[in-house]
Ligand SMILES: [Ca+2]
């Protein structure tokens with residue numbers, strides 16, 4: 001059983017990994033921490049709460065609001081990609097579960113210290129929360145079981161800058177050099193390998209479920225294997241990428257994977 005914390009700037013893309021974490025039988029998602037990122041901060045929090053509810057886990061997984069702006073630079077949103085609500089302008093209803101009163105940074109420090117060597121952290125947003133947490137308590141870098149980051153690689157903002165690193169480059173520098181047992185999944189990697197193959201697409205098509213409905217996976221409890229299928233696709237992609245990296249190396253314990261777009 002993998003004990004997880006996911007740090008997210010919840011928009012439609014982050015919803016997929018949250019759903020996997022919420023539904024996978026071998027994952028225990030213990031907390032969601034929200035960072036500044038894709039859309040207006042309060043909306044990101046609502047999107048995370050709505051995702052928990054749609055996964056049928058309302059009230060079971062706490063959502064902690066974190067840093068509302070980058071460490072140094074100005075916040076840059078991505079509403080032009082995700083819609084004003086971050087969910088393709090679906091304007092979903094407010095979830096019953098409400099955000100926790102505690103700050104995400106406090107919770108990261110507390111939870112990692114309380115379970116040394118136990119927690120896997122997945123960061124899929126600008127790294128403001130984790131950078132602040134490890135600046136406050138550098139010992140947490142040596143206490144997580146694994147840290148997975150989505151960031152870097154060829155850019156989707158500039159030719160050299162991927163969004164998460166672009167929005168808070170100072171935070172990225174702090175986290176990458178903090179000594180975490182880090183595996184980095186770049187934007188280039190997600191564009192080339194983070195996709196379903198033909199066989200997996202055929203199995204989904206056979207269900208007669210529209211693609212958009214996959215974002216409401218909680219309503220398809222009769223097909224829980226979809227979450228497994230998504231994991232399968234991601235793990236398969238990661239395995240291929242890790243076995244064929246164009247660039248790899250170690251830096252402060254970093255395993256970096258960087259494939260051409
Ligand atoms: Ca994200």
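Every test in (1) touching a residue at least 60 places away in the same chain (Cβ under 8 Å); (2) within 13 Å of the ligand (Cβ to nearest atom); (3) in contact with a strand residue (DSSP E or B) (Cβ under 9 Å, 6 or more places away or on another chain); (4) assigned to a helix (DSSP H, G or I) is passed by residue 16 save one, and that test is (3). Counting only helices (runs of 4 or more DSSP H) that sit wholly inside the range 72-180, those with at least 2 residues that are surrounded by fewer than 19 Cβ atoms within 10 Å (Cβ to Cβ) and within 16 Å of the ligand (Cβ to nearest atom) are 79-82. Would you be able to say whether some residue in the range 231-248 is in contact with a helix residue (DSSP H, G or I) (Cβ under 6 Å, 6 or more places away or on another chain) and at pLDDT 75 or above? No, the range 231-248 has no match at all. Taking the conditions (1) within 16 Å of the ligand (Cβ to nearest atom); (2) surrounded by 21 or more Cβ atoms within 10 Å (Cβ to Cβ) in turn, residue 55 satisfies each one other than (1). Would you point out the residue of the range 19-48, among those that are in a helix (DSSP H, G or I) and within 12 Å of the ligand (Cβ to nearest atom), that is nearest to residue 67 (Cα to Cα)? Applying the filter and picking the extreme gives 44.
Taking the range 1-13 as the search range and keeping residues that are assigned to a loop (DSSP other than H, G, I, E, B) and buried (at least 24 other Cβ atoms within 10 Å of the Cβ), which one is nearest to the ligand (Cβ to nearest atom)? The extreme case among them is 9.
The values are calculated or read from the model by the stated rules, or taken from the named source; none is laboratory data. Only a predicted model underlies this, so the values are computations on that prediction, with no experimental measurement involved. A quick note on method: Cβ atoms are made from the backbone with ideal geometry, for glycine too, and the neighbour counts reach across all protein chains shown.
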